[in-house]
Structures are given as structure tokens and as C-alpha cells.
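Beneath this line is the structure, given in C-alpha cells, with notes to follow.
The values are calculated or read from the model by the stated rules, or taken from the named source; none is laboratory data. Since the structure is predicted, the reported quantities are computational estimates derived from the model, not experimental observations. Note that each Cβ is placed from the backbone with ideal geometry, even for glycine, and that neighbours are counted across all protein chains shown. Just the protein is used for accessible areas: all its heavy atoms, side chains included, with ligands, DNA and RNA removed. Shrake-Rupley method; radii C 1.70, N 1.55, O 1.52, S 1.80 Å.
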Amino acid sequence: MVQILTRFFVSCRDSRWLQRHRFHRIICFMTTVSASLAPMSVKTAALALVPLGVLLNLGIGTIVHLLKLPLFVDAVGTILITLLIGWRWGAVTGVLSFLVGGLLVNPVLPWFSATQATIAIVAGIMASKGWFRSLPRTIVVGILIGICAAIVSAPVIIWLFGGITGSGSGFITSFLLASGKKIVESVILTGLSCEPIDKTLQCLLVFWLVKSLPERFRTKLAPLGYLRQNTTANA
Amino acid sequence: MRNWIPEERGRILAAIVAAAGTVFVRDHLALALLWLASILILWCQGELRSAIHFLWRIWLPLASGLAIVWGLIVRGSPEYPDARGIPIGLDYAAITSLRIAALASVFQATLLPLRGFQRVHFWSRLGLPPSAVAGIISIFDLWPEFVRRVDQVVAARCARGLMTDRRLITRVRQIPFAFRTLFLSSLDSSMDRAVRWQSERLPERLVKAAASRGGSGSISGSFAWITLAICWVAFAFRHHLILNP
Amino acid sequence: MISMPTESRISSLDNLYEGRGGTLVLLQGDNFSGRSTIIYLLAQMAVDHGELGIVIPTELHPAFSGVTASVADELELHLGPRNSQSLFWTLAEEWGLLALGNRQPLTLSGGQQAMLSILCKLALRPRVFGLDGALEQLDPRNLSRVLEALSSRDVFSDPSVSFISHNGPWLEERMPLHTIPAENCATPCEDPKPPGMDLAEFAPGTAVSSALEFKNASFRYPGGAPVFSNLNLHLHPDRIYRLAGPNGAGKSTFAKLLCGILRLTSGSLSVNGKPFDPYPQPGTLAQLHFQNPDTQLFGTSVTGEIETLPRERRASALSFAGLNAVQRRHPFDLPFVLRKRLALTLTLHANAPWLIFDEPTVGLDQAGQRAVCAALIKLKQSGYGILLISHNPSLDDLLAPEILEFLTSAQP
């Protein structure tokens with residue numbers, strides 16, 4: 001609505017007939033006012049949100065570390081930015097997280113960039129159909145993202161890491177290998193048992209966060225991503 | 001010293017050649033050489049601490065885990081499913097560990113030594129638009145501030161008496177609230193910053209300032225790095241080259 | 001809500017916009033008089049005309065570029081190459097910014113951040129330059145320097161105007177300023193101030209008086225130098241203490257130790273003669289109000305935040321803060337001043353015998369500052385112990401605190 005008003009005021013302001021009219025000053029003024037209230041363009045929002053999403057992906061690990069918890073969550077920013085401004089920017093956020101994370105945190109992270117992009121794509125497809133609207137649906141999305149992430153990560157874990165990534169899931173892989181299973185089977189089974197839980201927790205965190213977004217951010221961002229499809233009337 | 005530092009494209013090309021070779025090579029000596037060479041580069045450019053941090057905190061536990069799993073538990077290698085024995089397992093663990101170390105140190109050697117306007121120059125010379133360059137650079141420069149903000153948010157949970165004790169379940173319960181506040185408190189300043197960047201044309205200004213400083217590398221440095229990378233690949237695949245010239 | 005302004009109110013804004021270069025305009029008014037709205041509207045008018053309009057807010061850090069890791073790079077980004085010998089590089093030297101060369105901008109003190117952001121944005125030669133509370137953290141000497149630069153025709157080309165919104169007491173005496181009451185200008189986007197929005201009279205709770213004693217207490221961060229060593233200190237309830245000292249001297253660390261965020265490395269803390277360790281149960285001995293309210297609000301409504309207080313303190317807290325009209329709103333939907341008030345209120349009504357406040361008056365107008373000081377005095381009289389960290393000199397006049405001086409060698 002504000003964008004329509006702004007365009008209206010701008011065209012009035014630039015109208016030669018109105019420039020001679022005594023209401024012109026008021027029109028100029030209202031143009032300024034409505035321009036300052038207009039929602040953000042997606043480019044400006046991406047400039048603001050992509051770096052923030054990257055910092056969240058890396059930073060939540062810092063929260064977990066400060067609280068001394070045995071968890072690892074690394075895609076909350078990716079899923080959140082996907083919901084707010086679309087899957088393309090979510091994928092950029094995810095890939096950048098792991099490239100920058102490679103320099104700031106762990107230099108093997110960049111090899112999992114494809115996983116982050118996959119998370120953004122799947123989250124974007126599901127969000128566009130309103131699958132983040134309710135708690136049960138969000139759980140389903142989390143499980144689906146987990147399955148896709150496990151499948152996409154598997155080649156990297158098998159080939160580069162020999163099945164053992166140094167996280168807690170390595171114990172499960174070791175157990176399966178020791179029981180005689182092949183490496184491919186072991187890694188995929190480990191991934192399918194751990195990733196859906198991890199990604200579901202992250203999706204639930206994003207769901208909860210989006211529900212508690214303040215009104216002024218919601219208004220600015222609603223036209224840009226999938227917020228409209230995923231918020232109920234009461235949210 | 002400057003003559004040995006490559007330009008941006010030379011740096012990336014040398015890294016790609018080395019990484020591509022690492023992906024396929026199966027030679028302990030070659031991988032160890034590449035690893036050592038990368039550490040030497042990091043040392044010369046003052047980034048040895050990051051390399052040691054990776055080795056101690058990440059690589060060592062990983063390598064130990066691989067040795068235990070493949071050498072002692074499985075006693076075999078996925079590359080030779082029918083063969084069994086501790087040496088076979090340890091050999092596989094060693095190759096995998098060396099490959100991880102080599103790839104990680106190549107990545108670090110390529111990008112870690114870049115600082116300040118050098119970093120800006122690097123990304124802009126790769127063809128990224130100014131706003132993308134500004135976005136990427138801001139992640140590095142806002143990271144310390146972000147970590148401080150995380151610390152403040154967690155401290156505030158304690159300081160307001162909202163984390164009543166230090167049990168595991170109480171600490172887990174802090175995550176959603178801390179995360180939400182972290183996000184919302186950062187969102188406002190991020191949006192403000194993005195609007196300012198556009199009105200003050202900061203990305204263009206940034207790229208121009210970096211360009212006026214010039215890059216730190218030279219063509220001779222690029223040539224040297226690429227040549228070294230190709231020589232290493234040739235060395236790494238020497239057995240194949242000798243057997244199949 | 002947008003309302004149509006009158007012709008005379010638009011004229012007043014036009015007149016402000018068309019001022020001569022080097023004009024300084026002080027917008028007078030309390031919180032919610034529309035000063036910020038006016039400043040941002042004027043900046044937007046500059047943008048509409050294809051020129052540059054810059055506003056530096058109270059929080060300062062959004063004004064930094066976020067793409068430089070040092071003060072030197074931040075200066076070079078805005079001022080151009082160092083060898084250009086421009087006036088702004090001369091100002092950078094005079095203002096002591098060159099000496100901060102390798103420091104990260106966000107690690108500077110409030111005053112240093114203000115000087116750096118003001119100089120950098122001035123160098124962009126804006127048509128409209130707004131300082132929305134950005135001068136509050138400057139000491140008198142630096143304030144004079146900034147005002148002199150703002151009113152210089154060499155710094156500002158014609159036409160360019162600076163608009164200042166300021167809650168400190170000493171601005172009018174510094175320079176001849178054009179002062180305009182904010183209510184004379186158009187404020188079409190501001191809801192009229194709802195009734196009951198002022199800070200009400202404070203009703204303190206009852207504290208269990210807790211005298212603190214540090215014996216040979218030491219603290220160092222893991223891998224760092226000692227922050228303080230062998231500290232022996234008595235702190236009595238019923239008193240207000242102000243922690244003074246330069247940045248990095250250990251004031252915030254001391255506050256965090258009392259709150260149980262950090263733990264003493266060695267030595268002991270006693271409460272009323274009995275050994276006590278706040279670390280296992282943070283927030284029971286002391287609670288802390290941080291300078292930035294945004295990092296300490298965790299709810300989705302004002303009511304939700306108030307409900308974290310003890311039941312008997314909730315009604316009093318809501319009425320003191322003057323937030324009855326907005327109690328259902330999300331805290332991050334409120335303007336900065338109301339978020340600051342909310343965060344302050346939560347600590348003022350907390351259930352802990354010691355209360356610590358880090359810069360409690362930033363962003364508050366004179367009436368708000370007096371109300372907060374009156375509340376602190378009532379808390380003291382009710383048996384609470386108060387620790388203050390502040391650079392606002394008027395608090396010393398209003399509260400007469402005992403000064404605990406923190407030195408850089410870390411022994412108060």
C-alpha cells in the first residue's frame with residue numbers, strides 16, 4: 001500500500017500542472033514521508049540479511065559453546081533468510097557461511113557448502129507452499145531437509161573424511177562399520193538417523209522465531225520472501 | 001617478498017590446481033609435501049597460529065578417530081574391501097588424514113593472509129559487484145562485534161536472573177531466547193547499515209579505496225605459485241606418468 | 001499513522017532545509033516531541049533531491065561502515081587517501097583519531113566512537129547532517145571541537161545544515177545555535193504522545209540488606225592478564241557507588257562477577273559475613289542493566305517482559321515505566337527510548353539486594369534522568385546497594401555517589 005502511495009505522490013510531484021498549484025508543497029512533503037515508510041527492496045534486504053544470516057550460522061555455535069552444550073546447529077541462519085527473502089539468498093547465505101566459516105572457524109567447512117545450498121532450496125520450496133505455518137508441518141519440513149542434507153553430505157563424508165567427521169555421529173558410523181556394513185551404507189544410515197533430528201530442531205527454532213517477529217520487521221519483509229505464506233492471521 | 005606474493009587470479013588458479021590434484025592423488029609423500037608447503041606459506045605471511053589451531057583442535061582428533069576406526073576396529077579399507085589387516089586400515093586413515101590436512105591448509109594459505117583492503121581488492125578483482133564485496137567483507141569485520149553481542153546476550157540472561165542455575169536443562173532452555181534476542185537486536189542495525197550503504201554509496205567507495213591502494217601481489221608471484229602447483233601435481237602423479245608416459 | 005500537516009508546518013521544515021552552510025540547529029524538546037522524526041525527514045528530503053542526508057543515532061555503531069577492521073581503514077574509506085592533505089585529515093589528527101589507528105572501531109569508548117563516526121560522515125559532505133543523540137557521550141572538550149567543525153564554512157559547503165537533538169545540559173552554552181522547539185515543526189508520522197507515557201513515581205521493594213566483602217580477590221580471563229589482583233573491599237548496602245576509570249580498567253568485569261556471570265579466579269566474596277559464590281545461581285546477589293537495552297529484552301510483549309519480575313512488583317513496574325498504553329506491543333516495535341525505559345524498569349524492580357546500572361541515562365531527556373535518579377535514591381533508602389557505571393557528570397550532582405576508582409593496573 002505504501003509503495004502504491006509513494007508512486008502516486010511521486011507522479012503528482014512531477015506533474016507540471018500540479019507544480020503550479022498551491023498544494024504542490026504538500027505533495028512534495030507527503031512524497032518524502034511515504035518514501036521513508038516504504039518497504040525495503042530485496043537488494044537492500046539482502047545486503048542487510050545475508051551477512052546477518054552468515055553471522056547467525058556461525059554465531060549460534062558460539063552460543064552453544066558459551067553455554068557448554070553438546071549440540072551442533074549450523075543452518076539456522078540459512079533457513080531463516082530463506083523464509084525472509086527467498087531461497088536464492090538463503091543459498092547464498094549458506095554457502096557464504098561455510099566459506100567464511102572455513103577461515104574463521106574450521107577450514108574443512110567449505111566442502112559442505114552444497115549441503116547448505118540444498119537446505120535452502122528444500123526450505124524454500126516447502127516455505128513457498130506454506131509448510132512453515134504450523135508446528136506439525138514444520139516438523140515434516142525438518143525431517144525432509146534432514147534427509148536431503150544427509151544424502152548430499154554423504155559423498156563428501158565418505159570420500160573426504162573416510163566416514164568419520166569428528167562429531168558425535170562418528171560413533172554411530174564406527175559401530176555400523178564394525179558390524180560389517182560398507183562405508184556408503186554406514187554413512188547414509190548415520191546421516192539419516194542424526195540429520196533429521198538436528199534439522200528439525202533448527203526448523204522449529206526458525207518457526208518459533210518467525211512467529212515472534214516484531215510487526216515493523218514483518219511489514220518491511222513480507223513482500224520479499226515467504227512470510228505471507230507462512231504466517232496465520234493471528235501471528 | 002612482494003615478488004613472491006601472487007595476484008588474485010594467480011592465487012585462486014594455483015589453489016584450484018593444487019586442490020584438484022589433492023582430490024585424486026594417493027601418495028603420502030606428495031600430500032605431506034603440499035601440507036608442509038602450505039604451512040610454510042602461512043608462516044611467511046604471519047598466519048601460523050591459525051594453522052596450529054586447526055591442527056591441534058580439529059585435525060588431531062579427526063586423525064586419531066580415523067586411525068582407531070579403520071586401523072583398530074574395522075582393520076581394513078573401503079578401497080580394498082576384501083583385504084584385511086591393521087596396516088591396511090592405518091594406511092587408509094593416514095591418506096585420508098593427510099588429504100584433509102592438505103586441502104585445509106591450501107584453503108587457509110590462499111585466503112587467510114588477505115587483510116583489510118587486500119581482501120576487498122581480492123574479491124572485487126574476481127568480478128563480484130561492489131555490493132556483494134561489501135557484504136562479504138562486512139562478515140569478517142562484524143564477526144568480532146557479533147561475538148561480543150552474543151556474550152552480552154548470554155550475560156544478560158544471567159544478569160536478569162533468567163538463568164537460575166547452571167544445570168544442563170537450564171542452559172539448553174536459554175538457546176531460543178538468546179538466539180531470538182541476538183537476531184532481533186542485530187536486525188535493526190543491519191537494516192540501518194544496508195540503507196546507509198546504499199545512500200552513501202559505500203560499496204563503490206570501498207572498492208575504489210581498495211583499488212587506489214593496489215593489490216599486494218605481482219605477476220611473477222602468480223607465475224611462481226602456479227608453476228609450483230603444476231610441479232607438485234606432476235610429482236604427485238609421477239608413478240602414473242612414469243608407468244604411462 | 002500519517003496525518004496531513006498544515007502549510008505553516010511544512011514551511012518551517014522547508015526553512016530548516018534551506019539553511020546556509022555551517023548552520024547549526026538545535027531541536028529542543030523532551031522525548032516524544034518528534035525531534036528524531038524531524039531529523040530523519042529532513043535527511044530523507046535531501047535524498048529525494050538527489051543529495052546526501054546522514055543521521056547519526058544515539059547508538060552510534062550503525063553509523064560505522066562495518067567493512068573495515070581498523071580506525072585507520074575507516075578513516076581512509078571516508079576521508080580518502082592520507083596523502084591528500086585534506087582538512088578532514090587535519091581534523092582527524094586534532095581529534096586524536098590517528099592515534100587510535102589499529103583499534104577496531106567497535107572497541108572504542110562511546111566518546112571515541114562518536115568522534116570517529118561524526119568525522120567520517122562529515123567527510124562525505126552531506127547536505128543534511130543529523131545528530132540524534134550522538135553528542136551525549138562526548139566530554140565538554142570534544143563537544144566544543146565537534147560544534148566548531150559543524151559550524152565551519154570550510155567543512156560544510158553552502159548550503160548544508162546540521163540538526164542536533166541532545167538530552168545533555170550543556171549544549172546551549174557552547175556555541176550560538178538556532179534553537180527550535182520541536183512542536184513547531186511538522187511531525188506527521190508520530191502518534192501523539194499517549195497519556196501516561198511519563199515515568200511515574202517509583203515505589204521500591206524491600207531488600208535484604210547485604211554487605212559485601214572481597215578478600216584477596218583476583219580475576220583473570222582464561223589466557224589473559226589479571227584484571228585485578230588481591231582485591232580487598234567492603235561494599236555497604238544503603239549506598240550508591242560509582243565505578244570510575246578508563247576503558248578496560250575492569251568496571252564491567254567487576255559488575256559481572258557480582259552478578260555471577262563470571263567467577264573469581266581466587267580469593268573470596270562474603271555476604272553479611274558468610275562466604276557466597278554467585279556463579280552457580282546468577283542474578284541472585286546482583287542484577288545488571290546493560291547500556292544497550294536491545295541485548296536484554298527477551299519477550300514478545302511488554303507484558304511478557306514484566307512477567308519475569310516477582311509477582312508483587314509487576315503492577316508497580318508497568319506503571320512506573322509509563323508503558324500501559326503499549327503493554328501488548330513487541331519490545332522491538334517500540335522506539336529506543338521506550339526500550340531503554342523497559343530495560344531500566346526491569347532492573348529497578350528486580351529481586352536482588354544489589355543492582356548495577358551501566359549508563360542508565362543515555363537517551364533519556366532531563367525529566368527521565370531525574371526520575372531515574374529519584375528511583376535510585378529510593379532504592380538506596382530501602383536497603384538496596386547500587387553500583388553505577390556512567391560518564392554523565394550530572395549524576396554525581398544528583399546522587400552524590402561514593403567513587404570507586406578502577407585503575408588500568410587493576411586495583412580499585
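Using the per-residue mean of other Cβ atoms lying within 10 Å as a proxy for protection, in what order, highest first, do the peptides C:232-238, A:132-138 fall?
Working: C:232-238: 14.4, A:132-138: 16.9.
Answer by packing, highest mean first, reads A:132-138, C:232-238.
Among rounded, prolate and oblate, which fits the protein assembly as shown when a ≥ b ≥ c are the square roots of the eigenvalues of its C-alpha gyration tensor, a/c under 1.5 means rounded, and a/b larger than b/c means prolate?
Numbers: a/c = 1.70, a/b = 1.39, b/c = 1.22.
Judged from the Cα gyration tensor, the protein assembly as shown comes out prolate (a/c at least 1.5, a/b above b/c).
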- Among all the lysines, which ones have a C-alpha under 18 Å from B:Lys208's C-alpha, if same-chain residues fewer than 8 places away are not counted? C:Lys121
- Note on the structure: For the pair B:Phe24 and B:Cys44, the simple spin-label estimate (label points 7 Å beyond Cα toward Cβ) gives in nm 2.8
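Taking each residue of C:280-287 in turn, how many C-beta atoms of other protein chains fall within 10 Å of its C-beta, and what is the average?
Values: counts 4, 6, 11, 9, 3, 1, 2, 6.
Mean shielding by partner chains, rounded to a whole number: 5.
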- Item | Charge dipole (debye, nearest 20) of chain B; +1 at Cβ of Lys and Arg, -1 at Cβ of Asp and Glu | 700
- Log entry, pair A-C: total buried accessible area, probe 1.4 Å, protein chains only, in Å² rounded to 100, is 1600
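What's the FRET efficiency of A:Leu204 with B:Leu126 using the Cβ-Cβ distance as r and R₀ = 35 Å, to the nearest 0.05? Show your work: numbers first, answer last.
Details: r = 38 Å, r/R0 = 1.08.
Step by step, r from the Cβ atoms, then E = 0.40.
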- Whole number in Å², please: accessible area per residue of the protein assembly as shown, 1.4 Å probe, ligands, DNA and RNA not counted. 41
- Message: Could you give each residue of region A:115-130 its phi-based ³J(HN,Hα) in whole Hz, using Karplus coefficients 6.51, -1.76, 1.60 with θ = phi - 60°, and x for Gly or Pro?
- Response: 5, 4, 5, 4, 4, 5, 5, 5, 4, x, 4, 5, 5, 5, 9, x
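For peptide C:34-45, what's the mean number of Cβ atoms from other chains within 10 Å of each residue's Cβ?
Details: counts 0, 0, 0, 2, 0, 0, 2, 4, 1, 3, 7, 7.
Counting Cβ atoms of other protein chains within 10 Å of each residue's Cβ and averaging gives 2.
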- Using modelled backbone amide H atoms (1.01 Å from N, in-plane), which distant-in-sequence or interchain residues come within less than 5 Å of C:Arg242's amide H? C:Leu388, C:Glu402, C:Ile403, C:Leu404
- Cβ-defined net charge surrounding C:Gly260, 13 Å radius [Lys, Arg +1; Asp, Glu -1]: +3
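For the pairs C:Lys274/C:Lys378; A:Lys43/C:Lys251; A:Lys220/C:Lys378, flag any whose C-alpha to C-alpha distance is greater than 31 Å.
Values: C:Lys274/C:Lys378 27 Å; A:Lys43/C:Lys251 42 Å; A:Lys220/C:Lys378 43 Å.
Check vs 31 Å cut-off fails for A:Lys43/C:Lys251; A:Lys220/C:Lys378.
Let me know the charge dipole size of the protein assembly as shown about its Cα centre in debye, to the nearest 20, where only the beta-carbon of Lys, Arg (+1) and Asp, Glu (-1) is charged. Write down the numbers at each step before the final one.
Details: 80 positive and 61 negative charges, 377 e Å.
For the protein assembly as shown, the charge dipole is close to 1820 debye.
Once every DSSP H run of n ≥ 4 in chain B is given -39500 (n - 2.57) and the sum is divided by its residues, what mean residue ellipticity at 222 nm do you get, rounded to the nearest 500 deg cm²/dmol?
Details: 11 runs with 183 residues, N = 245.
That comes out to -25000 deg cm²/dmol.
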- Derived scalar couplings ³J(HN,Hα) [region C:262-279; Karplus, 6.51 cos²θ - 1.76 cosθ + 1.60; whole Hz; x for Gly, Pro]: 10, 10, 4, 6, 7, x, 9, 10, 10, 10, 6, x, 9, x, 8, 10, x, 4
- Message: Heavy atoms only, 1.4 Å probe, whole protein assembly: order C:Asp154, C:Asp132, B:Asp151 by accessible area, highest first.
- Response: C:Asp154, B:Asp151, C:Asp132
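What share of the DSSP beta bridges in the protein assembly as shown is antiparallel, in percent to the nearest 5? It would help to have the intermediate numbers written out before the result.
Numbers: 15 of 51 bridges.
Restricted to the protein assembly as shown, the bridges split so that about 30 percent are antiparallel.
Using the Cα gyration tensor of chain B, with a ≥ b ≥ c the square roots of its eigenvalues, what is the shape: rounded (a/c below 1.5), prolate (a/b larger than b/c) or oblate (neither)? Before the final figure, lay out each step's value.
Working: a/c = 2.96, a/b = 1.23, b/c = 2.40.
Oblate is the answer for chain B, as a/c is 1.5 or above yet b/c matches or exceeds a/b.
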- Query: Excluding ligands and nucleic acids, what accessible area in Å² is computed for A:Leu189 using a 1.4 Å probe, to the nearest 10?
  - Reply: 80
- Accessible area drop of at least 50 Å² (1.4 Å probe, protein heavy atoms): which residues of region C:56-86 qualify, relative to the chain alone? C:His61, C:Pro62, C:Gly66, C:Val67, C:Asp73, C:Glu76, C:Leu77
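Percent of accessible area on region A:42-230 owned by carbon and sulfur, 1.4 Å probe? Present the calculation step by step, with values, prior to reporting the outcome.
On the way: 4950 of 6860 Å².
So the carbon and sulfur contribution to the accessible surface is 72 percent.
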- Starting with the highest mean, order B:50-60, C:371-381 by the number of other Cβ atoms within 10 Å, averaged over the residues of each peptide. C:371-381, B:50-60
- With a 1.4 Å probe and every protein chain left in place, tell me how much accessible area B:Tyr92 has, in Å² to the nearest 10. 10
- Task: Return a whole-number percent for the relative contact order of chain B, with Cα pairs under 8 Å and 6 or more residues apart as the contact set.
- Result: 41
- With each label point set 7 Å from Cα along the Cα-Cβ vector, what nm distance links C:Asn102 and B:Ser64? 3.5
- Task: Tabulate in residue order the Karplus-calculated ³J(HN,Hα) for region A:161-172, using 6.51 cos²θ - 1.76 cosθ + 1.60 with θ = phi - 60°, rounded to whole Hz; enter x for Gly and Pro.
- Result: 9, x, x, 10, 9, x, 8, x, 5, x, 5, 5
- Message: Can you find, among B:Ala156, B:Val172, B:Gly135, the residue sitting farthest towards the positive end of the charge dipole of region B:127-177, where Lys and Arg contribute +1 and Asp and Glu -1 at Cβ?
- Response: B:Val172
- Excluding residues fewer than 8 positions from C:Lys215 in its own chain, the aspartates and glutamates with Cα under 14 Å of it are C:Asp277
- Message: For B:Arg99, what accessible surface area do you get with a 1.4 Å probe? Give it in Å², rounded to 10.
- Response: 10
- Given backbone amide H placed at 1.01 Å from N, residues whose amide H is under 5 Å from that of C:Arg220, ignoring those fewer than 5 places away on the same chain, are C:Val227, C:Thr265
- Task: Report in % the part of the accessible area of chain B that belongs to carbon and sulfur, leaving out ligands and nucleic acids; probe 1.4 Å.
- Result: 67
- Message: Tell me the total accessible area that C and B bury against each other, 1.4 angstrom probe, in square angstrom rounded to 100.
- Response: 3900
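Roughly how much accessible area, to the nearest 100 Å², goes out of reach of solvent when B and A pair up, both sides summed, probe 1.4 Å?
Working: alone 15590 and 13450 Å², together 23670 Å².
Separately minus together, B and A give about 5400 Å² buried.
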- Once label points are set 7 Å from the Cα along Cα→Cβ at both B:Ala83 and B:Phe235, what is their separation, rounded to one decimal in nm? 2.5
